[in-house]
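As C-alpha cells, the structure follows; a few thoughts come after it.
Laboratory data are not the source of any read-out in this text; all were calculated from the coordinates shown. Fair warning: this is a prediction, and the values are worked out from it, not measured in the lab. Note: ideal-geometry Cβ built from the backbone for every residue, glycine included; neighbour counts use all protein chains shown.
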Amino acid sequence: MNTYEILRSARSIHLLALTTLFQAAAWGQLQITSFQGDGTLTWNDPGATGTNNYAVEWASSLNGNWSSWQDAAGRLSGLGASGSVAVPMFYRVVATDPTNAATQRYTYFQELPPLDPLTPLATNEMRIIFMGSMIPLPVRRAQAEMSVFVQVGWSNDPNDRVYGGRARDQFIFDCGAGCSANFAAAVVGFRRMDKVFINHLHGDHMSDLSHIYCFGPAADRKTPLYVWGSKPSGVENPASPGTFYDDGTSNFCACLRQALRWHSESFSFQSTCYSNYVPPTKEQWGLPHDPVPVCGDSPYDAYAMVPIELDFEKIGGVAYDNAATEAKVTHYPVIHCRKGSMGYKLEWTTPEGKTLSMIYSSDTKPETNSIAQASNNGNGVDVFIHEMVVPPAVWAYKNMGLSAAPVEGDALYPEYVQTVQGLTFVQNSSHTPQGAFGYLLSQIEPKPRLTVATHFPVADDTVASAFVSVTNHCPTVQMGRDLVWSFDLMALRVFPDRIEQRRLAVSDYSFNPPVQLDGGTCPPKYNDGNGSGNPYAQIDTSASISPTNTDGSVNYRIDGY
C-alpha cells in the first residue's frame, strides 16, 4: 500500500512519499493542489472525496495515532469536487478499508464534542437541539421525525435540584414520531414543554403531540398545553364543490382533545393544576387572539389544550411576542403540499442588547419567502434551518432496498422508473432537493452564520452527495463552518460572537427527568373527598386479587417486590 505524509514544520512543508512520489493517477482522480504554511490542505477530486477507494488520514505527530479511515471519510466526505480545509500537522493518503459502510454512519456528528444535557445555558445563549431530524419515508431508528427544541437565556435557581436554574423561555417547533424519547434522554422535563409551534399538520410533524399532551400533567407540566399552527387552508373539496374542510389548528386541537378524553380522565386521579397558576393573556404573550382552551376546559388545567391559530398567508405575522422574556416568534407562508404550511422565525434579545435569530422553514419546496426572511433586510440571521431531500432517483432505489439504481433491462427497472416518477411529484409539490437547496442558499445575502439542512436521511454517502450539489451553487461554502446536516441530539450553542456545535451525551436507557413542581397543586378531579386522589374511582375492583387473604396469608408483596 502506498502511503504519503505531508509534514508541516514552522519553516516549510515537506511531502514525503514512502514508496513513490504522489501521482494523481495512483489514486483515481485525486489531486492535492497545495499545502499552505498555515496548515491548509487544498485538493481537487472530480469524483468527490472518498469515492476513489482512498482516504485522507492525519495525526498531531508522526508517533501519534493516525485517525481511522472512518474519521477521515467523515471529516472530508461531502467536501465536494474541490475545496480547502484546515487540518492538523501530518497527513497521508491511504487505501480505504473494504468494510467502509458510508451508508451506515454519520461520522461528522459522531465526532462532535460531547455536551452534558444538564449544562446550564449562558445568559446570552440560544441553544438549539434537534430532537428529530428525519423525513417520514423511510422511518429509521437512527433519526426521529422532525422536532427542534430551542431555549434562550438563563436564570440561576439554587432550589432547582436538576438543572440549577431554567431558561428564560423555551419553544418546541414540530414534534414528530419518536422525538419524545430524545426529549427524555436530553433530560427535558414536561414543564419545559408547554409551547409547541407546528409548521403544518402532517403526521410526521405533530404525531408525538399526543404523548406530550397525555403525560405532561402526570409529571410536572401542571399548566395548559399551548399549540400554535395555521388557520384552515381554505382549499375547496373537489369531491363536493362549494365545501371546505375545517382543517385548521383549532379544530385539530379540539378533535385531538376529544380523542384523548379516555386518557385524560383516567389520569385525573392525580392533580392536574397548580393552585397559584395565572394563565397568560393575549397582551402578555403578544398573541394574535385570546388564548381560549378547546372543548370548554378550564384555562388553569394541564389537560386544557389552547390553540393559537395563525393566518398562514401573512408574511412576518406575529405568533408570540413576550416582553418579559424578550423572545419573539413570527411566521411566513411556505409551499408544501397544501395551503397552510408555514415557516417560523425566532428572535431573542440578549441581556446585552444583541439579537440572536433562528429560522426554521420546516417542509417546503424552494420559494422566495425563506430567502427574504433569511436575508432579513440585509441583517441576516444566525441560524437558518431549512429542509432538504435526496434526489428522487436516490430516494427511489434506497426505498426499494437497493444499493444503486437498476439499469434498463433489469427486472426491477420498470418499478424503479415508476417510483422515481411518483417521488418527483412529491418533490415538486412539497420539498427542496439538494441542488435546489444550493441555489436557494446562493440567493441569501448576507449568508446565515450557520445553515442547517434538516428533514434529511443523513449518512456519510448522502451528505457527501448533497454537499457536491450545494457547492455547485455555493463553491465557497465549507462543511462544518458554514453548513451542516442535522442529526438527532445535535446541539447548537448560539452566542453573539460564535456558534458551537455539540453532540448531546445521553443514555439510551434513561427514565423521565425528575418531577419538579413550581407550587402547590389543586385537588385531583377524582378524589376521596378529602383532597387526595382516588385511583379506584373509575374502576371495578370486584375481580381484583388482593395482596393478602382473610387468613393473613400473602399472595404478593404490596411494595412491588
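Among Met400, Met305, the order by Cβ neighbours within 10 angstrom, fewest to most, reads Met400, Met305. Placing a label point 7 Å from the Cα of Glu313 along the Cα-to-Cβ line, the residues of the stretch 237-264 whose backbone N sits under 18 Å from it are 237, 242-250. Think of the stretch 350-406 as a dipole: +1 on every Lys or Arg Cβ, -1 on every Asp or Glu Cβ, centred on the Cα centre; then among Tyr360, Ile385, Asn399, Asn399 lies furthest on the positive end.
Compared with the direct C-alpha span, the chain from Ser275 to Asp551 gains 94.9 nm at full extension, assuming 0.36 nm per residue.
Each of Leu517, Leu492 has some number of other Cβ atoms within 10 Å of its Cβ, and from fewest to most they run Leu517, Leu492.
Taking a point 7 Å out from the Cα of Ala393 in the direction of its Cβ, the residues of the stretch 443-466 whose backbone N falls within less than 18 Å of it are 461-466. Would you work out which of Leu346, Ala372, Val334 lies farthest towards the positive end of the dipole of the stretch 332-385? Charges go on Cβ: Lys and Arg +1, Asp and Glu -1. Farthest towards the positive pole: Val334. Taking the number of Cβ atoms within 10 Å of each Cβ as an exposure proxy, the fewest-first ranking of Leu423, Leu412, Leu225 is Leu412, Leu423, Leu225. The modelled label-to-label distance between Ser298 and Ala404, using points 7 Å beyond Cα along the C-beta direction, is 6.7 nm. Taking label positions 7 Å along the Cα-Cβ direction at both Phe244 and Tyr536, the computed distance is 5.4 nm, reported to one decimal.
Rounded to the nearest whole Hz, the Karplus-based 3J(HN,Hα) values (6.51 cos²θ - 1.76 cosθ + 1.60, θ = phi - 60°) of the stretch 297-304 follow the sequence 5, 5, x, 9, 9, 5, 8, 7, with x at glycine and proline.
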